[in-house]
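J.: Below is the structure I would like to discuss, written out as structure tokens.
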Amino acid sequence: MRSDRFACSRMVQPNGSGRYPFSFKFRSLLPAMLRFTILPVVVVVPVAAVVAVVAIVLVALSCSAAMAAGDPDITAAISKDGYVKDQLVAVFIDGPVFFNHIGQNEWKRVTQRQTFIDGDGIRTGNRGYAVLAWSTDNLLLIKPKSGLRFSIVPGGTPRVMARLHEATLMLSVRDSQSIQVEGRNGTLWLPHGDTTIQSNQTHDLVKSLRGLALYRMIGSAKAVKIPEGYGIELDHHGRDSALTAYDVRMEYDSFRRFNTWLRNFDEVQERMSTKIAYKIDSVMVNDHFVSNLEVDQDGFRVLDPGSGGAPTEIHLKVKVTPYPRPQDRFEVYLNKDLVYALREGSEGYYEVRFKLPTFPEFFVKIHYVDSLGRRDRIFDSRFVVFNRNRKVQEIRQFIKQLSLAFERRDLIFLRDHISRDYRDWFGNTYFDFTRQLDDTLRDYRDIRLLLHPHTFKFKGEVVQVNMNYRLTALAGNWNYRYEDLGSELMTLAFADGEWRIRSKAKGLFFQRLKVAVDLRQGILRGRVLDELSGFPIVGARVKILKTSMQTVTDSMGEYVIYNVPPGAYDVEVSKNGFGKTTVSKVEVVPTGERH
């Protein structure tokens, strides 16, 4: 009787391998116990032991099933990989990995699916790898030459404390704080993500691979927040380094032996997750299906208003599959700065309205926001409000008409296509521009202007056009033809159905134009020519003697000096290789008397 009671009581204690051998013990003792049931006196203790053993067996076997009783796929995945609720289980062992119970000196090999109890320790050999799982939301991935001991309190916080002697491991957590890792200099935990820790006699090194890790140093009440992609190091004196960035890919690569288990861990979480994977089906912008829109060479979907003006508002409508729950949130990101809420509309659509961006090209992204504030992008596209190519062709045509107007000396066309708001970098206004055009057309003959636009930058309501130009013309006396080459930056604006010049930056005609603000002053202008060839001289210095006024000739050999007091002056012209020439008693009259 005593031997039977002793045998039954040992069945609930771990044997030398750390496992609970109730299955085969139960089978070996069951016939004897059943035979004892015919004896009214001796049946009490064995039956109680049998009931206790059966209860333990049922609890152990039902843990994983209780986690997902209604889903056979989840149950199969959990049972296949060894995840057990509220138990620390060795789900993967490779190479020499050993364990012992607290108070024991003997170390024994760890076996697959082995369960650890409070006080157990584990160490890995030179080529030993281990993956331990607590429930289905925590993994410890332990590298070789590591040693640690566990404190397990199923109802406590944390439930598992892994105390490191010397170890290198990764803690992978999904929405849980059940495991904390205690190094030599502090304690690590994280609610979600992956973090590595290396603890030895010289330092603790913690690196956050994904999510926000928390590390509380010994003696400190406040935890240090370690963002994703950063790490912190504490030496054996407890001195910590500043947060340091590192390469996340290289750190994951150092744990590549566990890649299969990390992927499997994510798959199990995805199977068990209640998060719904939303998709966008139908997308409409201003009552046009996005799938039917033209795509330009840059990948932008073209919103072409046709002959009408650009829309003032964008109306975006989408159908979300499956249909969202009332508590679900969606956000629309416009470019980088603006965020709008996507709200339920009519006819099964979710919709948002926003003003047309100033810049014609814009980006739209739609994110699903879960209960934890995490965002999952479910739609991404780029749009251009008008047909950019068509606008570019219109500008090219306008520039061609501008060239023809110069050649036919059409001052009326030129005046009509200069904006009344014209102002360039030299301070010239619309009236200065038209006056210069009038002077140019009067002083030159056979004007030939070629404009070659090559770059178009759309900025709000205007377009900046970079172009190269070539201007040739006969002088008023028909003695020679000169040529001017250069580049020009011209700003165009579209108003009243026509393009107009809003501004110029440099080059064409206007490098020698300056506003004469005082009509009582005069203007000294002229041309410097080579006496032998009759061609213009570029870069000659023209100076009014006994004054500080001077300038240089442009590519046409012309010069102009503004705001010269009326009177007679001696003008000196000089250039290296040509010597100096002085023209005496040049008469300057007030500007108001010139016309």
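The values are calculated or read from the model by the stated rules, or taken from the named source; none is laboratory data. Computed from a prediction, not measured in an experiment: that's the story for all the values here. Positions of Cβ are generated from backbone atoms using ideal geometry, with glycine treated the same way; all protein chains shown enter the neighbour counts.
J.: Taking the stretch 244-262 as the search range and keeping residues that are more than 25 Å from the chain's Cα centre (by Cα) and not aliphatic (A, V, I, L, M), which one is surrounded by the fewest Cβ atoms within 10 Å (Cβ to Cβ)?
T.: Across the stretch 244-262, the extreme among qualifying residues is R256.
J.: Please find, among R415, R343, R390, the residue that is over 18 Å from P326 (Cα atoms) and without any contact (Cβ under 8 Å) to a residue 40 or more places away in the chain.
T.: R415
Residues are listed down the side, and each one gets a yes or a no for (1) farther than 29 Å from N126 by Cα; (2) part of a loop (DSSP other than H, G, I, E, B); (3) touching a residue at least 24 places away in the same chain (Cβ under 8 Å):
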{"site": "L141", "(1), (2), (3)": "no, no, yes"}
{"site": "F150", "(1), (2), (3)": "no, no, yes"}
{"site": "S172", "(1), (2), (3)": "no, no, yes"}
{"site": "T195", "(1), (2), (3)": "no, no, yes"}
{"site": "Q198", "(1), (2), (3)": "no, no, yes"}
{"site": "K207", "(1), (2), (3)": "no, no, yes"}
{"site": "R216", "(1), (2), (3)": "yes, no, yes"}
{"site": "L234", "(1), (2), (3)": "no, no, yes"}
{"site": "A242", "(1), (2), (3)": "yes, yes, no"}
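J.: What single numbered condition from (1) in a loop (DSSP other than H, G, I, E, B); (2) loosely packed, with under 12 Cβ neighbours inside 10 Å; (3) free of Cβ contacts under 8 Å to residues at least 60 places away in the same chain fails to hold for G348?
T.: (2)
J.: Can you name the residue in the stretch 218-232 that is in a strand (DSSP E or B) and without any contact (Cβ under 8 Å) to a residue 24 or more places away in the chain and, of all such residues, is surrounded by the most Cβ atoms within 10 Å (Cβ to Cβ)?
T.: Filtering first and then ranking leaves Y230.
J.: Can you tell me which residue within the stretch 329-339, out of those that are of a type outside the set (S, T, N, Q) and surrounded by fewer than 17 Cβ atoms within 10 Å (Cβ to Cβ), is nearest to I366 (Cα to Cα)?
T.: Out of the qualifying residues, it is E331.
J.: Check L243, L209 and return the single one that is touching a helix residue (DSSP H, G or I) at 6+ places or on another chain (Cβ under 8 Å) and on the phi < 0 side of the Ramachandran plot.
T.: After ruling out the rest, the residue left standing is L209.
J.: Still on this structure: Of everything in the stretch 403-415 that's out of contact with any helix residue (DSSP H, G or I) (no Cβ under 7 Å at 6 or more places or on another chain) and not polar (S, T, N, Q), which residue is surrounded by the fewest Cβ atoms within 10 Å (Cβ to Cβ)?
T.: Selected residue: I412.
J.: Search the stretch 420-437 for residues that are farther than 23 Å from R409 by Cβ and pair each with any residue that is of a type in the set (S, T, Y) when their beta-carbon atoms are under 6 Å apart and the residues are at least 6 apart or on different chains.
T.: R423/T429
J.: Ok, one more. Can you find a residue that is over 24 Å from R375 (Cα atoms) and touching a strand residue (DSSP E or B) at 6+ places or on another chain (Cβ under 8 Å) anywhere in the stretch 272-287?
T.: Checking the stretch 272-287: at least one residue is over 24 Å from R375 (Cα atoms) and touching a strand residue (DSSP E or B) at 6+ places or on another chain (Cβ under 8 Å).
J.: Within the stretch 416-446, work out how many residues are under 16 Å from I501 (Cα atoms) and either at pLDDT 80 or above or surrounded by 14 or more Cβ atoms within 10 Å (Cβ to Cβ) (or both).
T.: Residues that pass the stated criteria total 20.
J.: To continue, here is another question. List pairs: first residue in the stretch 519-534 and within 24 Å of D432 (Cα to Cα) and of a type in the set (S, T, N, Q), second residue modelled with pLDDT under 85 and in a loop (DSSP other than H, G, I, E, B) anywhere in the structure, Cβ distance under 9 angstrom, at least six positions apart or on different chains.
T.: That search, which allows pairs on different chains as well, returns Q521/P590.
J.: While we're on this one: Being out of contact with any Ser or Thr (no Cβ under 9 Å at 6 or more places or on another chain) and either acidic (D, E) or within 14 Å of Q521 (Cα to Cα) (or both) narrows it down to one residue among V552, V564, V560, V589; which is it?
T.: Exactly one of V552, V564, V560, V589 is out of contact with any Ser or Thr (no Cβ under 9 Å at 6 or more places or on another chain) and either acidic (D, E) or within 14 Å of Q521 (Cα to Cα) (or both), namely V589.
J.: State yes or no: is V131 touching a Lys or Arg at 6+ places or on another chain (Cβ under 7 Å) and aliphatic (A, V, I, L, M)?
T.: Answer is no for this residue.
J.: On to the next question. Would you confirm, using the coordinates I've provided, whether K575 is surrounded by 19 or more Cβ atoms within 10 Å (Cβ to Cβ), of a type outside the set (A, V, I, L, M, F, W, C) and modelled with pLDDT of 80 or more?
T.: It is false that K575 is surrounded by 19 or more Cβ atoms within 10 Å (Cβ to Cβ), of a type outside the set (A, V, I, L, M, F, W, C) and modelled with pLDDT of 80 or more.
J.: With the requirement that a residue be charged (D, E, K, R) and modelled with pLDDT of 90 or more, what does the stretch 223-238 give you?
T.: Hits for the stretch 223-238 are K225, E228, E233.
J.: Can you tell me which residue is surrounded by the most Cβ atoms within 10 Å (Cβ to Cβ) among those in the stretch 377-402 that are at pLDDT 90 or above and polar (S, T, N, Q)?
T.: Result: S381.
J.: I'd like the residue in the stretch 224-243 that is under 21 Å from T202 (Cα atoms) and small (G, A, S) and, out of all such residues, is nearest to the chain's Cα centre (by Cα).
T.: Looking at the filtered set, the residue picked out is G231.
J.: May I ask you to say which residue of G231, G193, G219 is out of contact with any strand residue (DSSP E or B) (no Cβ under 7 Å at 6 or more places or on another chain) and small (G, A, S)?
T.: Matching residue, one of G231, G193, G219: G219.
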